[in-house]
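S.K.: Okay, handing you the structure first.
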Amino acid sequence: MSCPSSTLCVGLDAANNVVTTHAPAVRSAWKVTQLAEAGDGKGAGLACTAAPLCVAVTGLGVIETSTDPTGGASAWAAAEIDPGTRIYDVSCVAVELCVAVDELGGIVSSTNPTGGAGAWTRSQVDEEHAIDSVSCPSRSLCLAVDSRGDVLRSVDPTGGASAWSSEILAPGEALGPISCQLHLCVTGGSNRVLATEDSSGSASAWVSADGVDASGGVSCISPSLCVGIPAGNNGGVWTSTRPAAGTAAWAREEGPEGGAFLHSLSCAPTSLCVIGDGSGNVAVSTETRDLSVSMLGSGLGSVASTPITCPFETCDHSVPGILEPLPLVEIACSNMLGVVAGACSIGYPVGEPVTLTATPRPGSLFVGWGGACGGSSGCSVSMAANQSVSAAFASIEASGGPPNSGNQSVPRAGPGPPKVSAASESATRWREGSRAARISAKGRLLPIGTRLSFGLDRSAGIKLSFERVLAGRRSAAGRCVAASARLARSRRCTRIVPAATLGFSGHAGANRIAFDGILTHGRKLSLGKYAVLLTASDSGGRSAPTVLRFTIAHG
């Protein structure tokens, strides 16, 4: 499998079928082409560049090349570049350089890969052992590994045997696939991964991650993200944002139960990973961007979006997306939840277009969009980056009726729940505890506690629900979890954690509640940011939450 970009993936199977697509996440977009040269299904390699150029290892010593890999069988041309010898792997930096390795320790290179057999030159580099894999991160650097644990390196890959040097990396250990990005190189060993952040350095610069199995394939999307699969596994993958930091920096993500054996892997820079299995299926995972929606105003309503497309679990793939198996298919928020920071946010595949619609509840009207959208009609955004949108709703009673309503009467709701109005707080940043002192914050006196003020249309019970607003990191499953060393490079997010509840009796008219962070039985809220949801209830029901926010600072 080779995916040089998020809009081109090419795979090669044991029967010498080439599978290609410009939309890897859409099952119907994959196209199958039978190449003319018969393959033997052993040691097959494939390398594509975004130019595009694709080089596929087919029969013994035979490659097929194409500058139009989705153009059908006629767009591919066969050349015997290493007669009678099985080629194990190939790496192409650009259309000007491809390097292949074979079972007899040979390096076959070309600066004109589509120029036929005469454009390729073979050099006997390893006299005793097969060279299993090669990766060229630039035109002036290639690294390869062999079956006895050597790493081979060249800054002049087309310079012949003398341009390559060899060093023992893992004595007597067959090294598997190798993937290099800039200064980073990662290769699979016997139930371990070897990685270095100094690809031009000596063997001592390589770090071993024991127990990490990437013998089936490894692909480094960038110097800060690598993905590996074991040979003959059941769908699990290994991932790391610090590949050269040892075993603790790698994490295993389990695949679906009963998953087929995976044997090919390719990740495009920053946005896409595609894994092929032994039954002709592919699993796709994409990088996501967050779409967050906040609800504003005194009215009630909801916001819905167009569904998330493949590769998420509801899509028609034989193997579901296994790196980020997110079951969510759409975003649907109301101001019962959306007013709480981070409660209404979801990741969409990078670049996906999304349309939002706003629906007011009876007794309310939609006022308009804010953030990434404007006006009061449709809202469409592209998820090339994180997007934040607000939707404002107004109460018909508070607004004096819908626009252009003329003399039309608006039916009033029945008794219903109590109504909360004019909610505010005397301080949004304050210190908890004793009222005997004040502290200075940036030259200003910081008050102790705050006073919550609000109006009620009738007597009702009041409930205050305190929720702590915390920083978090996105897990591989897309959830916002507590930050950890393993997730240090994951996307930041906001977590909402319930902290406490308090109950009061409210009366018709203006109400004020003094709060200094002290709860019942001597408990108190910790320092930090909070949202407090205020609801009123009686026999008529419970009101929608009114949300206020504050920060408890250090005293």
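S.K.: Roughly how many Å is it from the Cα centre of region 163-219 to that of region 119-147, as a whole number?
M.R.: Taking the Cα centre of each part, region 163-219 and region 119-147 sit 14 Å apart.
S.K.: For Ile221, tell me the accessible area in Å² from a 1.4 Å probe, rounded to the nearest 10.
M.R.: Using a 1.4 Å probe on the heavy atoms, I get roughly 20 Å².
S.K.: Provide the solvent-accessible area of Glu127, counting protein heavy atoms only and rolling a 1.4 Å probe, rounded to the nearest 10 Å².
M.R.: Accessible surface of Glu127 is approximately 140 Å².
S.K.: Please report the carbon-and-sulfur percent of the accessible area for region 97-154; probe 1.4 Å, protein heavy atoms only, DNA, RNA and ligands left out. Don't jump to the answer; show the numbers that get you there.
M.R.: Numbers: 760 of 1870 Å².
With neighbouring chains kept in place, the figure for region 97-154 is 41 percent.
S.K.: What residues qualify as long-range amide H neighbours of Glu425, i.e. H under 5 Å apart, gap of 5 or more or another chain, H built at 1.01 Å from N?
M.R.: Ser453
S.K.: Given H placed 1.01 Å from N in the peptide plane, which residues other than close sequence neighbours of Ile178 have an amide H under 5 Å from its amide H?
M.R.: Val134
S.K.: Then there is this: What is the spin-label model distance, in nm, from Ala51 to Glu96 if the labels are put 7 Å beyond Cα along the C-beta direction?
M.R.: Each label point lies 7 Å from its Cα, and together they span 1.0 nm.
S.K.: List, in order, the whole-Hz ³J(HN,Hα) value for each residue of region 374-385 obtained from phi through the Karplus relation with A = 6.51, B = -1.76, C = 1.60 and θ = phi - 60°; use x for Gly and Pro.
M.R.: With the stated coefficients, region 374-385 comes to x, x, 10, 9, x, 10, 10, 10, 9, 8, 5, 9 Hz.
S.K.: Moving on. Using per-residue counts of other Cβ atoms within 10 Å, averaged over each peptide, order 461-474, 181-194 from highest down.
M.R.: The most tightly packed comes first, giving 181-194, 461-474.
S.K.: Based on the mean of other beta carbon atoms within 10 Å per residue, what is the order of 530-536, 46-52, most packed first? Kindly include the intermediate steps, with their values, before the conclusion.
M.R.: Numbers: 530-536: 21.7, 46-52: 19.6.
Peptide ranking by packing, descending: 530-536, 46-52.
S.K.: List the residues, sorted by chain then number, that are 5 or more residues from Cys373 or on another chain and whose placed amide H is less than 5 Å from its amide H.
M.R.: So Cys373 has HN proximity to Ser390.
The values are calculated or read from the model by the stated rules, or taken from the named source; none is laboratory data. Owing to the predicted nature of the structure, the values given are computational and were not obtained by experimental measurement. Note that each Cβ is placed from the backbone with ideal geometry, even for glycine, and that neighbours are counted across all protein chains shown. Heavy atoms of the whole protein, side chains included, go into the accessibility calculation; ligands, DNA and RNA do not. Shrake-Rupley method; radii C 1.70, N 1.55, O 1.52, S 1.80 Å.
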